[in-house]
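Working notes, structure below.
The values are calculated or read from the model by the stated rules, or taken from the named source; none is laboratory data. If you're wondering where the values come from, they're calculated on a predicted model, not measured in any experiment. Here Cβ is always computed from backbone atoms with ideal geometry, including for glycine, and neighbour counts include all displayed protein chains. Accessible surface areas use protein heavy atoms only, side chains included; no ligands, DNA or RNA. Shrake-Rupley method; radii C 1.70, N 1.55, O 1.52, S 1.80 Å.
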Amino acid sequence: MIRSIAPLRFGLAGGGTDVSPYSDLHGGAILNSTINMFARSSIEPLNNGKIILESLDHNEVLEFSESNCLPINGKLDLLKGVYNRICQDYNDNQPLSLRLSTYVDAPPGSGLGSSSTLTVSIIGAFCEWLNLPLGEYDIAKLAYDIERIDLGQAGGKQDQYAATFGGFNFMEFYADDKVIVNPLRIKEKYINELEHDLILYYTQTSRLSSTIIEEQTKNVRGKNEVSINAMHKLKNQAKSMKEALLMGEVDKIGPILDYGWQQKKNMADGITNPEIDFIYKRALENGATGGKISGAGGGGFMLCFAPKNYKYKVIKALQELGGDVVSFQFENKGLRTWKIS
């Protein structure tokens, strides 16, 4: 049995500047961190010519006869997409017989990068099984190519790299899919305080991030000044967040988050809505100094920063709105793989 695990992430600053064509034209910058919620994959090699794909968290199972190319039709496409590319690029176009099982700790559309993290996890399992000589950048780039090119799913680049590398990273994005991952050496006490003051709140809604990202892309191509200027400011926000974390200026985190959230709402329609605005307003009224919707926006998880001991007052206020406050810890390891007999 071959297993892999990759951590989900939330973005702290710069979200959206990793999406082409903005990153190609202007360069993007994002600061994110992985947390102890994971996408998990297992491969059981078979010798009966069958290909069995199963999503354990969604109770979906598909079975195929031996083939080197599975149909992309909206059913477990991430699993099929990775399988197809592995057969094509790393197995001489020969089929593989296996049972591939996956499980993700967060629902799709949650804003924690679950789809891309799952893709990285599946690739990692194949790398362990077939002894593929792929490094961290190779795995992240392969995951990006499978999602964005092979499957045609709209999105940015940060999720694949966060899941592969793990930890706190300041990421830079340039033309020709060039990505530079800069791991941050943040003092443990600053990380502990950040973990203490942050609240991860699930709004009990999900959204199709591709719709928002497609409009964001359209705004850049159409030279929408409001949208592009918002992205410029978000890129600068990522640099401010990096400085605050490295210098231990924790009290600045909330206002930096709030600044970014105000800018992000100008990138595209659908990033916020009356329900999200009400939740955010309630958090501020009870002691939060900033926050944001995780991911592209529109729903999913909301991140709030409540300094001192206001965290508990904010949690109580948010719980009264019907969502769930989810406990988490930062995770400093990225993709991990292993075999068991």
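With R₀ fixed at 35 Å, the C-beta to C-beta distance from Y174 to K339 puts the FRET efficiency at about 0.45. Taking other residues whose beta carbon is less than 13 angstrom from the beta carbon of K239, and scoring Lys, Arg as +1 and Asp, Glu as -1, yields +2.
Rolling a 1.4 Å probe over the protein heavy atoms gives region 46-142 an accessible area of 43 Å² per residue.
The angle between the Cα long axis of helix 209-221 and the longest principal axis of the Cα atoms of the chain comes to about 70 degrees, rounded to the nearest 10.
Rounded to two decimals, what is the ratio between the C-alpha radius of gyration of the chain and 2.2 N^0.38 Å?
On the way: Rg = 19.9 Å, N = 341, 2.2 N^0.38 = 20.2 Å.
Dividing the Cα Rg of the chain by 2.2 N^0.38 Å gives 0.99.
Note on the chain: GNM, Cα springs under 10 Å; of P274, P108, P21, the largest mean-square fluctuation is that of P274.
Computed over the chain, the per-residue total of -39500 (n - 2.57) for DSSP H runs of n ≥ 4 gives a 222 nm mean residue ellipticity of -12000 deg cm²/dmol, rounded to 500. Available extension along the chain between E249 and E136 is 37.6 nm, counting 0.36 nm per residue and deducting the alpha carbon span. Spin-label model, N309 to S97: label points 7 Å out along the Cα-to-beta-carbon direction sit 6.4 nm apart. Within the accessible area of the chain, the carbon and sulfur atoms contribute 47%, probe 1.4 Å, all protein chains present.
Straight-distance candidates among the aspartates and glutamates for linking to K50, with alpha-carbon spacing under 15 Å and chain neighbours fewer than 8 residues away dropped: E63, E66.
Rounded to the nearest 10 degrees, the inclination of helix 274-285 to the longest alpha-carbon principal axis of the chain is 50 degrees.
Angle of helix 253-264 to the longest C-alpha principal axis of the chain, folded into 0 to 90 degrees and rounded to 10: 70°. Of M247, M302, the residue with the largest accessible area leads and the full order is M247, M302 (1.4 Å probe). Solvent-accessible surface of region 202-268, taken per residue with a 1.4 Å probe and all protein chains present: 51 Å². Taking other residues whose beta carbon is less than 14 angstrom from the beta carbon of Y174, and scoring Lys, Arg as +1 and Asp, Glu as -1, yields -1.
Per-residue packing, averaged as other Cβ atoms within 10 Å, sorts the ranges 235-243, 56-64, 248-256 into the order 235-243, 248-256, 56-64, beginning with the highest. Sorting 154-163, 6-15, 214-223 by average packing, meaning the other beta carbons within 10 Å per residue, from highest down gives 6-15, 154-163, 214-223. Among residues other than G156 with Cβ under 11 Å from its Cβ, the summed charge is -1 (Lys and Arg +1, Asp and Glu -1). Shape call for region 256-338 from the C-alpha gyration tensor, a ≥ b ≥ c root eigenvalues: rounded (a/c under 1.5), prolate (a/b greater than b/c) or oblate? It comes out oblate by the Cα gyration axes. If you wrap region 50-155 in the convex hull of its Cα atoms and look at it from every side, the mean projected area works out to 6.4 nm².
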